[in-house]
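Take a look at the structure set out below.
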Amino acid sequence: MLLAFALYVLAGPVAWAMAVVGLFAAFHGYAHALEAPAAGAGTYILGFLMATALLQAVGLALGWGVRRAVGDLGVRALGGVVLAAGAVVLITN
């Protein structure tokens, strides 16, 4: 906690947000690791890592392409579309 506070004071809100996201990501990854089957856990976790890397790459490429084509407003609109899609998935499941 002291490190997170130091990041906030020294680098501002962006570093604080990154620390919080990293903390939640670690717990989220741990939760998925607990779901891994006893037989083939390595393959299961490797699949999760590969899928995560692919999703990150696609998201970065899409955001970069939209920013170049439309600008920051387009990136914000794209974020709204992702938010809406997530809400639909949450509501329908």
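The values are calculated or read from the model by the stated rules, or taken from the named source; none is laboratory data. Since we're looking at a predicted model, the values are computed, not measured. Quick reminder, even Gly has a Cβ in these numbers, built from the backbone with ideal geometry, and neighbours come from all protein chains shown. Accessible surface is based on the protein model in full, side chains and every heavy atom, while ligands, DNA and RNA are left aside. Shrake-Rupley method; radii C 1.70, N 1.55, O 1.52, S 1.80 Å.
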Could you grab the pairs with beta carbons closer than 8 Å, sequence gap of 6+ or different chains, first residue in the stretch 22-46 and within 21 Å of GLN56 (Cβ to Cβ), second one surrounded by fewer than 10 Cβ atoms within 10 Å (Cβ to Cβ)?
-> TYR44/PRO37
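Restricting to the stretch 56-75, name every residue that is open to solvent by less than 100 Å² (accessible area, probe 1.4 Å) and either hydrophobic (A, V, I, L, M, F, W, C) or in contact with a helix residue (DSSP H, G or I) (Cβ under 7 Å, 6 or more places away or on another chain) (or both). Walk me through how you get there before you give the answer.
Step one: list which residues in the stretch 56-75 are open to solvent by less than 100 Å² (accessible area, probe 1.4 Å), which gives 57-59, 61-63, 65-66, 69, 71-72, 74-75.
ALA57, VAL58, ALA61, LEU62, GLY63, VAL66, ALA69, GLY74, VAL75 - these are the residues of the stretch 56-75 that are open to solvent by less than 100 Å² (accessible area, probe 1.4 Å) and either hydrophobic (A, V, I, L, M, F, W, C) or in contact with a helix residue (DSSP H, G or I) (Cβ under 7 Å, 6 or more places away or on another chain) (or both).
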Within the stretch 13-43, of all residues that are touching a Phe, Trp or Tyr at 6+ places or on another chain (Cβ under 7 Å) and part of a helix (DSSP H, G or I), the one most open to solvent (accessible area, probe 1.4 Å) is TRP16
Members of the stretch 81-93 found to be open to solvent by 90 Å² or more (accessible area, probe 1.4 Å) and either more than 24 Å from ALA31 (Cα to Cα) or touching a Gly at 6+ places or on another chain (Cβ under 8 Å) (or both), listed by number | VAL81
Selection status of LEU46, surrounded by 10 or more Cβ atoms within 10 Å (Cβ to Cβ) and modelled with pLDDT of 90 or more = yes
Checking LEU78 against (1) loosely packed, with under 11 Cβ neighbours inside 10 Å; (2) in a helix (DSSP H, G or I), which single condition isn't satisfied?
-> (1)
